[in-house]
1. If you go through region B:295-322 one residue at a time, how many are in a strand (DSSP E or B) and polar (S, T, N, Q)?
2. I'd like to verify a number: residues in region B:58-82 that are assigned to a loop (DSSP other than H, G, I, E, B) and within 14 Å of chain A (Cβ to nearest Cβ), how many?
3. Keeping to region A:355-390, report how many residues are surrounded by fewer than 20 Cβ atoms within 10 Å (Cβ to Cβ) and basic (K, R).
4. Please go through region A:308-334 and give me each residue that is crowded, with 18+ Cβ neighbours inside 10 Å and farther than 24 Å from B:G319 by Cβ, ordered by number.
5. A:Q215 is checked against (1) polar (S, T, N, Q); (2) surrounded by fewer than 24 Cβ atoms within 10 Å (Cβ to Cβ); (3) modelled with pLDDT of 95 or more and fails just one. What number does that condition carry?
6. Would you point out the residue of region A:300-321, among those that are more than 29 Å from the chain's Cα centre (by Cα) and among the aliphatic types (A, V, I, L, M), that is farthest from the other protein chains (Cβ to nearest Cβ)?
7. Can you tell me which residues in region B:3-32 are within 22 Å of the chain's Cα centre (by Cα) and within 17 Å of B:E67 (Cβ to Cβ)?
8. Considering only residues of region B:131-146 that are surrounded by fewer than 18 Cβ atoms within 10 Å (Cβ to Cβ) and not hydroxyl-bearing (S, T, Y), which is nearest to B:L279 (Cα to Cα)?
Amino acid sequence: MSFDAFWLPHLPPDVRILTRTLFDGSTIRFPELTHQHVLGLCQSLLEAADRARAITVRERIAALDRAVALLGDPAGELFGLATRLIPVTTGYSAEMTRYVLERMSQDWTGPALETLVAAELGDPAPLEGPVRDPQTGRRVAAYGPGLTAHIFSGNVPGVAVTSLIRALLVKAASFGKTASDEPVLPVLFARALNQAHPVLAETLALTYWPGGTDQPEAALFRAAETVIVYGGVDTAAAARQRIGPGARLIVHGPRLSFGLVNAAALDPEQMITTADDVALACSIFDQQGCVSPHLIYLLGSEPLAADFARRLADALARVETQLPRGRLSAAEAAAVQEARARAEFRAIAGQKVILYAGPRASFTVVFDPDDAFEVSCLNRLVYVKYLPQLDRLPGLLEAVRPFLQSIGMAGFTESQQAELATLLGPLGVSRMTSFVALPWPPPAWHHDGSEPLRELIRWIDLET
Amino acid sequence: MLAVPATPLRARLSEIFRHDPDVTLRDDEFDRCAREMFAFQFEYNAPYAAYCQRRRVTPDSINHWTEVPPVPTAAFKEVPLVTGRPENAALLFRTSGTTRGPERRGTHYIMDPKLYEEALLPMFAAYLLPDTMPLAFVSLIPSALQAPDSSLSCMVTVATEQFASIDAGSYLDPERGLLESDLERTVAELTQRGTPILLLGTSFAFVHWLDSLAARDRRFVLPEGSRLMDTGGFKSRGRSVPASTLRAGYADRLGLPEYACINEYGMTELGSQFYDTLLRDRVLARTPPARRSKRPAPWVRTRAVDPETLAVVPEGEVGILQHFDLANLYSVLAVQTEDLGRVHADGFEMLGRPLNAVPRGCSIALDILLEAVADRS
């Protein structure tokens with residue numbers, strides 16, 4: 001089959017269309033855009049955003065709710081295309097794709113978006129026009145960027161849609177450049193929005209071009225008032241160099257997460273549930289999300305931690321039957337082999353390392369009593385380590401501080417959690433939650449510690 | 001116990017290394033030697049024996065060399081994989097320490113430097129000096145004196161001593177980097193005298209030199225018969241330059257034709273080295289393979305395995321490369337690399353190092369994080 005991996009309502013007719021063939025023979029099509037094309041498209045987007053400005057935040061939420069219902073309808077054409085194509089482009093199994101889509105679309109419904117707006121803005125009225133602020137007496141109005149550029153990464157389908165939704169809520173137009181391994185979902189979202197509210201869909205432009213295609217990227221970066229980049233260090237660095245004067249850059253760069261399990265969650269009644277919860281958190285997105293734990297620290301005792309490692313391996317085997325791991329590139333599989341070899345030889349060298357290797361490279365657990373932080377090669381390879389004292393944690397995390405994001409926790413009381421937050425907050429951790437919730441940040445989460453809706457907004461003060 | 005464990009294989013290997021480079025060792029001979037070597041290593045290499053026992057493989061349980069368990073190169077960072085006692089090693093080679101911090105470097109214990117030389121020299125000669133032309137050796141690799149734990153430096157120093165008509169020196173100082181003006185002065189002099197040159201260097205060093213030459217728009221036309229050996233990829237720093245671009249640079253800035261640019265593939269963990277066959281094929285007037293190919297030495301068997309299942313893949317398909325190398329008498333016969341490649345009847349093609357794979361999005365890019373972590377710790 002052939003899929004048009006672009007949503008460009010104002011595309012000039014003379015543009016050449018290129019094709020990429022996927023491994024199963026299906027093809028995706030995308031336009032070969034020049035610098036001029038992109039500038040033209042950006043101009044059209046700004047005009048469309050102007051025409052759409054009168055559509056209130058409430059109306060936008062209602063439109064998005066309808067769009068997401070269309071996109072998430074398991075019997076619908078769009079969902080069918082998603083589950084057919086996303087496994088091919090991303091490598092995720094069909095089961096994982098369905099699961100992720102169904103779960104993420106719950107975060108885009110009307111009520112979820114209302115929660116988001118209320119959490120970050122309180123009253124969205126300033127987005128409709130000047131409003132008296134009771135605190136200060138002045139009037140304020142809020143504006144989203146005229147044009148927001150989004151540079152998406154491909155590891156978690158759905159992150160792109162969330163990004164576009166945020167921009168729509170603050171009335172910004174969006175030009176999204178998709179990743180080579182996930183060019184599909186954002187386009188399907190745009191098609192859904194077009195069915196729900198065509199005027200809003202005109203404020204979106206989505207397409208793919210190969211990374212490093214200089215000219216269209218340069219044009220986009222110059223034209224956009226705000227640039228949001230998802231991805232590795234190189235993408236962010238390149239963006240920094242090229243954004244226009246006065247433009248704002250928001251980077252969601254490389255991040256890692258880990259787990260922390262208290263002895264209380266390892267007692268005989270809870271052990272299996274805890275292992276199941278951790279296994280699922282490690283398996284969602286095949287561990288490739290910023291929210292995915294690389295490593296689990298256990299408090300209690302070394303034998304208890306070693307026992308947990310074994311249970312975790314069993315639990316990962318169970319998850320594999322329901323949510324199979326996706327296709328790995330040769331390089332990714334080679335990385336798993338290498339990590340397994342290191343663990344095995346450390347055991348041979350007399351260290352108390354235990355390796356649980358699932359069949360093929362399906363999952364791996366490495367138990368290591370040495371509590372030094374270890375970065376996983378991902379794809380369901382987890383380190384399990386015994387942590388003798390909680391206060392060792394800041395020292396152990398020092399090397400990975402710039403990348404810390406989320407912590408999954410189990411077995412801590414509310415007051416213990418508050419203490420953990422006090423201990424770990426200063427290190428840059430931005431989210432602490434249960435393992436069950438870990439893969440699914442709620443709509444109003446402080447994404448990498450910031451307020452994603454608010455940071456798009458520019459305020460104007462009327463002080464008379 | 002003797003300083004170096006004794007085995008009749010040692011003498012046998014000296015003969016084997018004198019084998020015709022173009023004819024691979026007969027299967028039954030290779031098999032016999034390989035299994036004898038496996039038994040020898042099983043006896044004297046304790047970590048390797050433990051590794052095999054975990055797989056329930058012993059010298060008695062196997063019938064064919066293909067059943068000998070290969071060891072991933074990562075293991076060399078964790079334990080001494082030496083047949084004999086590490087403290088009796090005559091010399092040590094270590095991998096470079098960039099990717100994971102200085103303390104975790106792979107080590108190859110050289111119990112018998114003579115063995116190492118006997119394996120190295122014939123293949124070097126066969127693929128770089130097939131026409132037995134007298135050459136001045138000019139090196140962009142630190143000498144063995146400057147970099148005593150580098151197998152590459154050792155290799156170049158030994159080969160220079162053995163084969164160079166003129167040892168024209170080494171121009172990469174471990175502290176100061178590439179000594180460009182000295183290098184260029186030497187090259188200019190030799191060129192003026194019409195003395196053919198063999199340039200030896202890492203691809204990394206050559207990229208730097210070529211960039212510098214381009215920036216000054218300087219070029220050389222090396223005397224006829226000159227040639228070049230480059231080795232290695234780009235680890236995780238420096239620009240990634242495709243091999244074809246590099247060779248275009250050799251042609252443009254050094255006047256070297258395609259067939260005179262020979263890539264060498266070796267590693268700290270392997271006793272043998274692999275070379276592109278182009279120059280040898282040309283000198284012996286043979287049709288070279290369709291793609292640039294490395295031919296294993298007669299005493300090496302190379303295969304590609306599926307990265308997930310570790311089962312051997314059919315000829316021509318991509319897999320992780322494993323080498324069964326009889327020159328590894330005092331370490332482990334069978335080594336599983338971190339490199340991807342394709343094996344053909346007449347040799348194998350390298351596809352580069354997996355760890356440089358493109359990372360996926362906002363989840364951590366392993367390579368980049370590891371560098372950052374190494375920098376901070």
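1. Of the residues in region B:295-322, 2 are in a strand (DSSP E or B) and polar (S, T, N, Q).
2. Going through region B:58-82 one residue at a time, the tally reaches 7.
3. Going through region A:355-390 one residue at a time, the tally reaches 1.
4. Across region A:308-334, the qualifying residues are A:F308, A:A309, A:R311, A:L312, A:A313, A:A315, A:L316, A:V319, A:L323.
5. (3)
6. Filtering first and then ranking leaves A:L304.
7. The answer is B:F30, and nothing else.
8. Among them, the one singled out is B:D131.
The values are calculated or read from the model by the stated rules, or taken from the named source; none is laboratory data. Just so we're clear, the structure is a prediction, and the values are computed from it rather than from any experiment. Note that each Cβ is placed from the backbone with ideal geometry, even for glycine, and that neighbours are counted across all protein chains shown.
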